[in-house]
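Every read-out reported here was derived from the displayed coordinates using simple, explicitly stated rules and does not represent laboratory data. Small disclaimer: the values here were computed from a predicted structure and weren't measured. Positions of Cβ are generated from backbone atoms using ideal geometry, with glycine treated the same way; all protein chains shown enter the neighbour counts.
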Amino acid sequence: MAQSAAPPAVAPDAPLTLPVRAILPWAAFFGILMLILLYFVGAEGGTAAVFSGEGVHEWVHDGRHLLGFPCH
Amino acid sequence: MNSATVRTLLVRGMLTGIATGVLVFGFAYLVGESPLRSALVFEAAHETEHGPELVSRTLQETAGLATGVLFFTTAFAGIAALAFCFALGRIGRFGPRATAGLVALGGFVTVFLVPFLKYPASPPAVSSPDTLNQRTALYWLMIALSVLIGIAAVVLGQRLAPRLGNWNATITASVAFVVAVGLALAFLPAVNEMPEGFPANVVWDFRVAAAGMQLLLWASFGLIFGHLAERVLEPRTANAPTQQAVPPQAAPAPH
């Protein structure tokens, strides 16, 4: 990759970055939300159950197998 | 570039996930359901006890499959969009489209490919319900390990780049990733519960379908989200070709 030969001042073509400060709140909130979503697709009703019964497991049964999650 | 940009990218990532989910559902329905049905035929022929059918097969193959796939693709697309926000400008001098492609490649390898090598997707009836807890824990552990090793490899590559140059640093970090993942694959317990007489071609077809779904998911995420992200981050360059790139005497390009 081309190491920038420009003087170390502010390179006009410096790569654009997003400040971590701006990302963290979204990552914390939506990251956890997404993991909960994945939990319902991938594990609910098998090892642990928030809702009683096998309803969630049976509903996403085919997706769970085909997406690679362990199932019966 | 602030929090609003991150929000826009996250929303576009999740919209990409929904679009991708439609594609993956179509593929899963056309390619994945056939071996799954064959496995259910085997299961029905060998199972002694069978609980009441809570959800009909028709619903499981259509609405149920679509729900699972769309949740999965939207969730991972959202996480990948956030990973993209972190990665942009920090993993090398890549623009938005290339960064999205690399994040998608990383997602495919760490979230799917590496865990798949140890604990491949399996059709119904090939695994014992008794070991479900253990298999579930191992699978999520494998994903977490693989993602963490992947992040560690990227950080290692960045640290080495000033000394070794980008090319050699990338190779060193990749080799470190392969060795660390190889050790994890070697030392985690194996799962082999294939019942006697289960048709091997059904397992093969099922796993090819499962791998195809993930390939489709991550490839289309990388391409679609890269395009959308570039329009957010570089609106001018995305809309019009750069002026400097055109030589003065160049004839107008035929369209």
*Pick out which of B:SER38, B:SER220, B:SER128 has the largest mean-square fluctuation in a Gaussian network model of chain B, springs linking Cα atoms closer than 10 Å.*
B:SER128
_Cα atoms only: what Rg and Dmax, in Å, come out for the protein assembly as shown?_
22.4, 81
*What is the set of long-range amide H partners of A:GLU44 at a cut-off below 5 Å, with H atoms built 1.01 Å from backbone N?*
none
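Return the Rg/Rh value of the range B:127-193, two decimal places, where both radii are evaluated on C-alpha atoms and Rh is the Kirkwood radius.
Details: Rg = 15.9 Å, Rh = 13.4 Å.
Dividing the radius of gyration by the Kirkwood radius yields 1.18.
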_Calculated diffusion of the range A:21-66, Stokes-Einstein form, Kirkwood radius summed over Cα pairs, 37 °C and 0.692 mPa s, µm²/s_ = 280 µm²/s
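Can you name the helices of chain B, as whole DSSP H runs, whose Cα span along the helix axis is 15 Å or more and whose Kyte-Doolittle mean is not below 1.0?
On the way: long enough: B:3-27 (36 Å, 1.34); B:33-46 (20 Å, 0.15); B:65-87 (32 Å, 2.01); B:96-107 (16 Å, 0.77); B:132-164 (47 Å, 1.13); B:166-187 (31 Å, 1.58); B:200-233 (48 Å, 1.04).
The qualifying helices are B:3-27, B:65-87, B:132-164, B:166-187, B:200-233.
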*Subtract the Cα-Cα distance of B:ALA63 and B:VAL232 from 0.36 nm times their separation in residues, and report this length gain in nm to one decimal.*
57.5 nm
*Could you work out the helix-only [θ] at 222 nm for chain B, with each DSSP H run of four or more residues adding -39,500 (n - 2.57) and the total divided by the number of residues, to the nearest 500 deg cm²/dmol?*
-23000 deg cm²/dmol
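Rounded, prolate or oblate: which one fits the range B:158-220, using the alpha carbon gyration tensor with axes a ≥ b ≥ c (rounded when a/c is under 1.5, else prolate when a/b beats b/c, else oblate)?
Numbers: a/c = 4.92, a/b = 1.97, b/c = 2.50.
Note, shape of the range B:158-220 comes out oblate.
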*asked:* 7 Å from Cα along Cα→Cβ at both B:SER34 and A:LEU16: what's the point-to-point distance in nm?
replied: 4.4 nm
